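Enquirer: Pasting in a structure now, in structure tokens, and then I'll have a few things to ask.
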């Protein structure tokens with residue numbers, strides 16, 4: 001969008017907003033039956049299309065803050081309708097929140113991770129495409145006159161959303177740290193076990209976080225905080241984080257509950273899908289702004305992985321895995 005005229009940029013913005021939403025919803029059921037090939041579902045061996053997990057993660061995630069910054073600073077949609085005094089302080093606060101999240105996600109977290117499994121190259125390629133769109137849309141929206149009009153006099157929802165963002169961000173880091181500690185312990189144990197393999201395995205079976213006999217040393221049962229209730233509290237915290245961001249950054253996407261149900265139904269009902277696809281992008285749910293699209297995409301793309309990962313935990317650890325845990329939503333799912 002950076003070198004386009006304002007009219008062309010508006011067309012591209014609306015098309016990106018529409019298809020970014022639709023494609024993610026269509027991908028959701030596919031991920032319920034096919035495991036994304038990274039992490040615990042990483043491909044084995046040195047296949048031609050297997051790439052380093054840490055490097056590929058950094059490369060695909062760093063794209064988002066780069067595109068966000070470029071769009072926030074130079075979007076033609078913002079330049080076409082200049083705001084007399086520039087972005088408001090609330091816009092700058094939210095921009096900082098976005099960049100802080102990705103500084104941790106793209107750089108700090110992967111560099112602190114003791115090791116990462118290889119990924120199939122389709123994962124970073126898909127991640128790059130996702131982050132190009134998401135970063136560009138978020139930066140364009142957050143620097144726009146519409147965002148300025150909403151944020152120049154922050155409503156209570158701004159402070160509520162910002163507080164939820166902080167809680168989600170902190171919760172995400174804390175629960176990720178529990179997993180990192182398990183991995184650090186596993187790596188340290190692996191070095192010792194080269195010399196005392198049999199003795200160490202017998203000792204590990206008495207520990208609460210011991211790996212199952214058939215499991216790689218990288219994986220163990222995590223305990224503590226929200227792990228008491230769900231297998232993926234880091235996902236749940238990330239959803240809370242971006243829900244808070246959207247609540248702070250943009251009006252609710254649907255004016256009424258009935259409108260929300262009708263809009264979502266139009267994307268799920270086979271009889272209405274073709275109508276939605278053929279309709280001009282400019283008419284696609286005008287109130288569904290990029291912050292809310294990001295929340296929707298996070299849920300529909302991460303929920304299948306949480307479900308599949310939860311099933312993996314139960315199959316691999318068997319009776320040792322806490323029966324009361326759900327996948328990602330306490331007491332429900």
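Enquirer: Just wondering, is there one or more residues in segment 113-125 that are out of contact with any strand residue (DSSP E or B) (no Cβ under 9 Å at 6 or more places or on another chain), under 25 Å from residue 71 (Cα atoms) and part of a helix (DSSP H, G or I)?
Expert: yes
Enquirer: Among the residues of segment 319-333, how many are part of a helix (DSSP H, G or I) and touching a residue at least 60 places away in the same chain (Cβ under 8 Å)?
Expert: Number of matching residues: 1.
Enquirer: Determine which single condition residue 278 fails, assuming it passes every other condition in (1) within 23 Å of residue 126 (Cα to Cα); (2) at pLDDT below 90.
Expert: Every listed condition holds for residue 278 apart from (1).
Enquirer: Tell me, yes or no, whether segment 315-326 has at least one residue that is at pLDDT 90 or above, closer than 30 Å to residue 223 by Cα and touching a strand residue (DSSP E or B) at 6+ places or on another chain (Cβ under 7 Å).
Expert: yes
Enquirer: So, one more: Could you pull out the residue among 227, 223, 219 that is farther than 30 Å from residue 93 by Cα, surrounded by fewer than 19 Cβ atoms within 10 Å (Cβ to Cβ), modelled with pLDDT of 70 or more and under 22 Å from the mean Cα position of the chain (by Cα)? Can you show your working first?
Expert: Details: 223 fails: under 22 Å from the mean Cα position of the chain (by Cα); 219 fails: surrounded by fewer than 19 Cβ atoms within 10 Å (Cβ to Cβ).
Just a single option satisfies the conditions, and that option is 227.
Enquirer: Among the residues of segment 281-318, what is the count of those that are farther than 17 Å from residue 135 by Cα, touching a helix residue (DSSP H, G or I) at 6+ places or on another chain (Cβ under 6 Å) and assigned to a loop (DSSP other than H, G, I, E, B)?
Expert: So the count comes out to 2.
Enquirer: Of the numbered conditions (1) surrounded by fewer than 15 Cβ atoms within 10 Å (Cβ to Cβ); (2) modelled with pLDDT of 75 or more; (3) more than 23 Å from the chain's Cα centre (by Cα), residue 202 fails exactly one; give the number of that condition.
Expert: (2)
Enquirer: Can you find, within segment 33-52, the residue that is modelled with the lowest pLDDT among those that are under 18 Å from residue 327 (Cβ atoms) and part of a loop (DSSP other than H, G, I, E, B)?
Expert: 36
Enquirer: State yes or no: is residue 162 in a helix (DSSP H, G or I), more than 18 Å from the chain's Cα centre (by Cα) and at pLDDT 80 or above? Can you show your working first?
Expert: Numbers: in a helix (DSSP H, G or I): yes; more than 18 Å from the chain's Cα centre (by Cα): no; at pLDDT 80 or above: yes.
Here the answer is no, as residue 162 does not meet what is asked.
Enquirer: On to the next question. Residues 30, 59: which one is in a helix (DSSP H, G or I), at pLDDT 85 or above and surrounded by 14 or more Cβ atoms within 10 Å (Cβ to Cβ)? Before the answer, list the steps.
Expert: Numbers: 30 fails: surrounded by 14 or more Cβ atoms within 10 Å (Cβ to Cβ).
On inspection, the qualifying residue turns out to be 59.
Enquirer: From (1) part of a helix (DSSP H, G or I); (2) modelled with pLDDT under 95; (3) under 22 Å from the mean Cα position of the chain (by Cα), pick out the condition that doesn't hold for residue 79.
Expert: (3)
Enquirer: Considering only segment 64-76, state which residues are surrounded by 21 or more Cβ atoms within 10 Å (Cβ to Cβ) and at pLDDT 95 or above.
Expert: 64, 65, 67, 68
The values are calculated or read from the model by the stated rules, or taken from the named source; none is laboratory data. Predicted model, so just to flag it, every value in this text is computed and none were measured. We place every Cβ from the backbone using ideal geometry, glycine too, and count neighbours over all the protein chains shown.
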